[in-house]
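The values are calculated or read from the model by the stated rules, or taken from the named source; none is laboratory data. Note that the structure is a prediction, hence the values are computed from the model and not measured. Reconstructed Cβ throughout: ideal geometry from the backbone, glycine too, with neighbour counts over all protein chains shown.
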Ligand code: B12
Ligand code: SF4
C-alpha cells in the first residue's frame, strides 16, 4: 500500500460538485473489510436518515465483494459524495486505500469518514489527502446536513459535529453536535442492504438491530463515555415492536441480535419491549448486552418476561476477577453482581458470554490469577456460559489509555500506525511472556474441558478439567497434540 504519510504531502482539495436543486442525488457508502458478518448498521442508520424520495443510497460492504474497490469506483460516476465508516485498527488501512482510489478516480468527490476512529481523531484523519470531512459521534443529523450543504455548494463552516479541510488545507473543527433522541430518526431501512446475503454468511437467519446509542456508565477502558458523553438514547418499545414485527414479516429471521452497548439500561423499557414481542407472538429468540448490576437490580418477574419473549443469550462484561481492579477500571460492579447474574441466567436457562480483560497497565499476577479463578468458576456453572479472555489494548478515547500516555506510553502517531493497531492475537506491553503463556494455556484447557467434543479431544477432557482445577499447565502435551491434529488457523 502506498504510504499514507507520503500521500499526505500531496494534499489538495477540490471544491464539491455543483448540482441543481431538483436533481436526484446518489450517495455511496462503504463498510471496510472486517471479521464477522454483523450487518453494517452504522451505514444503515446514517443512510436511513436521508429522504428516499431525494436520494439513492448505495451501501457497499467490502466483506461481500470480490473486488470492492472496482465496485465502488463503478458507482462513483454521478455520486454526490462517498461516506466511509471507520473503526480503529485494520479497517483504517482498507478505508484509506479505498478513499485514495476513489479520489484518484474522481478528484472532485467529497469523501466523508465517520465512526469510532474519526470520532476520536477527527483532525488526524484529515491527514489522509483523500479525506475531506470527518464526523464526530452520532452521524445521522450531521451527515444529512453535510449532504444538504454539498448540494447547495455551501461551506461546512459551523456544521456541528464535523471537522473539514479548508481551501488552505488546514483542518477546521466545528463545535460538537448535541446527541439527538434515536427515536426522532427515521426507521432503519433494511432495503439498503442484502439481508439474505448476511443470513447466508452468518449461517443463520439472524437479524442485527440497534435500539439505542450511548451508555450512562464510565468504564475507564471504554471509549463510549468519551464519544457519547455518558448520554443514552433509545427507541420507544411500541415503535420497536411495530418495526421488528414488520421486519420479521419480510425477512422471517429466527434470531434478533441487539448491537446496543447497554440494552438493559432501563428495566421498565426492557419489560415493555418483552411485552411487545410476547403480544405480537414473534417466534424469535434474541440476544443483547447486559451489565451485571442491571441484572441485580431487575426483578425476577421482568427477567422471566425477557425469557418468555425469547431471550437466548446475554453478554455480561466481567472484565476482572479482582474487585480492586474492577474498582480501578471504574466498572461500578461488584463481583457478587456477576455471580448473581450467573445464577439467574442459569435458573432461566439463558446462555452468557462473560468476557474478561487481562493485562491492564500495572496489573499484578494476583489480579490476573483472580480473573482466571472467576472465569473458571463461571465456566463450571453451566455449559451455556463461556468466558473469553482478551488482553487490554490501549484503545483511544479511554481514561486508562490517557493514564498510560501520561506515564510515558506512546500511542500510534499517524493513520498508518493506527492501521496496525489491532486486537487480533496481540497484547499490550503490560503482559509478560510468562503471563501470556499462562493465560493462553488456561484458555486452551478451559475450551477443551468445556467444549472438546471431537473424537480425539474426548479422552483429554478429564485431564483438562484436572489441570484447570489445580491451575497446572506445565508440559502441555494435549496442546501440542491438538496443534498437530488441527493446526491453528493463521489470520492472513
Ligand atoms: C458490530 C460491531 C463490530 C463488528 C464490526 C461491524 C462492521 N461495521 O464491520 C465486528 C464484530 C467486526 C467488531 C469488531 C471489533 N470491535 Co466492535 N463493535 C460493534 C458494535 C457492537 C456495534 C456497531 C454498530 O453497528 N453500532 C450501531 C451504529 C448505529 O452505531 P455506530 O457504529 O457508532 O455509528 C454511528 C456513528 O459512529 C456514526 N458513524 C458511523 N459510521 C459512519 C460513517 C459515516 C460516513 C458517517 C457520516 C457517520 C458514521 O453515525 C452512526 C449513527 O449515529 C459496537 C458497539 C456499538 N454499539 O456501537 C462495537 C465497537 C464499535 N467495537 C469496538 C471494538 C473495540 C471492537 C474490537 C476491537 C473488539 C475486540 N476486542 O474484538 C473488534 C476489532 C475491530 C477492528 N479493528 O476490526 C469498540 C470501538 C473501537 C474503536 N475505537 O474503533 C466499540 C464501540 C465497542 C466498545 N464500546 O468498545 N465490532
Ligand atoms: S464498557 Fe459497557 S458499560 Fe462500560 S462504559 Fe462502555 S458501554 Fe458502558
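Could you say whether any residue in the range 134-153 is under 30 Å from residue 93 (Cβ atoms), buried (at least 16 other Cβ atoms within 10 Å of the Cβ) and free of Cβ contacts under 8 Å to residues at least 12 places away in the same chain? Spell out the reasoning first.
Within the range 134-153, the first condition is being under 30 Å from residue 93 (Cβ atoms), and the residues that meet it are 134-147, 149-150.
Checking which are buried (at least 16 other Cβ atoms within 10 Å of the Cβ) leaves us with 134-147, 149-150.
Subset that is free of Cβ contacts under 8 Å to residues at least 12 places away in the same chain: 149.
Taking every residue of the range 134-153 in turn, at least one turns out to be under 30 Å from residue 93 (Cβ atoms), buried (at least 16 other Cβ atoms within 10 Å of the Cβ) and free of Cβ contacts under 8 Å to residues at least 12 places away in the same chain.
Kindly indicate whether any position in the range 29-51 is outside any helix (DSSP H, G or I), more than 10 Å from ligand 1 (Cβ to nearest atom), modelled with pLDDT of 95 or more and surrounded by fewer than 19 Cβ atoms within 10 Å (Cβ to Cβ). Write out each step before concluding.
Here is the first cut: in the range 29-51, the ones outside any helix (DSSP H, G or I) are 29-40, 49-51.
So of that shortlist, the ones also more than 10 Å from ligand 1 (Cβ to nearest atom) come out as 50-51.
Cutting the leftovers down to modelled with pLDDT of 95 or more gives us 50-51.
Now drop any that are not surrounded by fewer than 19 Cβ atoms within 10 Å (Cβ to Cβ), which leaves 51.
Yes, some residue in the range 29-51 is outside any helix (DSSP H, G or I), more than 10 Å from ligand 1 (Cβ to nearest atom), modelled with pLDDT of 95 or more and surrounded by fewer than 19 Cβ atoms within 10 Å (Cβ to Cβ).
Can you tell me how many residues within the range 324-337 are outside any loop (DSSP other than H, G, I, E, B) and surrounded by fewer than 16 Cβ atoms within 10 Å (Cβ to Cβ)?
First, pick out the residues of the range 324-337 that are outside any loop (DSSP other than H, G, I, E, B): 324-328, 335-337.
So of that shortlist, the ones also surrounded by fewer than 16 Cβ atoms within 10 Å (Cβ to Cβ) come out as 324, 327, 336.
Total satisfying the criteria: 3.
In a helix (DSSP H, G or I), in contact (Cβ under 8 Å) with a residue 40 or more places away in the chain and away from ligand 1 (no atom under 16 Å from the Cβ): is that true of residue 463 in this structure? Reasoning before the result, please.
Values: in a helix (DSSP H, G or I): yes; in contact (Cβ under 8 Å) with a residue 40 or more places away in the chain: no; away from ligand 1 (no atom under 16 Å from the Cβ): yes.
Answer is no for this residue.
For the range 79-97, what are the residues that are buried (at least 24 other Cβ atoms within 10 Å of the Cβ) and more than 11 Å from ligand 1 (Cβ to nearest atom)?
Hit for the range 79-97 is 96, nothing else.
Could you list, in sequence order, all residues of the range 194-216 that are within 12 Å of ligand 1 (Cβ to nearest atom) and crowded, with 19+ Cβ neighbours inside 10 Å?
198, 208, 209, 210, 211, 212, 213, 214, 215
Could you tell me which residue of the range 402-435 is nearest to residue 329 (Cα to Cα), considering only residues that are part of a helix (DSSP H, G or I) and without any contact (Cβ under 8 Å) to a residue 24 or more places away in the chain?
As a first pass, look at the range 402-435 and keep what is part of a helix (DSSP H, G or I): 402-406, 415-419, 433-435.
Still in the list and also without any contact (Cβ under 8 Å) to a residue 24 or more places away in the chain: 402, 405-406, 417, 433-434.
Values: 402: 13, 405: 16, 406: 16, 417: 26, 433: 23, 434: 24 Å.
Among residues in the range 402-435 that are part of a helix (DSSP H, G or I) and without any contact (Cβ under 8 Å) to a residue 24 or more places away in the chain, the one nearest to residue 329 (Cα to Cα) is 402.
Any idea which of (1) in a loop (DSSP other than H, G, I, E, B); (2) more than 12 Å from ligand 1 (Cβ to nearest atom) is the one residue 261 doesn't satisfy?
(2)
Given the options 224, 293, name the one that is under 30 Å from residue 394 (Cβ atoms), out of contact with any strand residue (DSSP E or B) (no Cβ under 9 Å at 6 or more places or on another chain) and either more than 16 Å from ligand 1 (Cβ to nearest atom) or free of Cβ contacts under 8 Å to residues at least 40 places away in the same chain (or both). Spell out how you get there, then give the answer.
Details: 224 fails: out of contact with any strand residue (DSSP E or B) (no Cβ under 9 Å at 6 or more places or on another chain).
Residue meeting the stated conditions: 293.
Please list, ordered by residue number, the strands (runs of 3 or more DSSP E) wholly in the range 53-137 having 1 or more residues that are in contact with a strand residue (DSSP E or B) (Cβ under 9 Å, 6 or more places away or on another chain) and over 27 Å from residue 226 (Cα atoms).
Numbers: elements: 55-61, 79-85, 111-114, 133-135.
Correct list: 55-61, 79-85.
Are there any pairs with C-beta distances below 6 angstrom linking a residue in the range 328-343 that is within 16 Å of ligand 1 (Cβ to nearest atom) to a residue that is part of a helix (DSSP H, G or I), with the two at least 6 apart or on different chains, and if so which?
Correct list of pairs: 333/292; 333/293.
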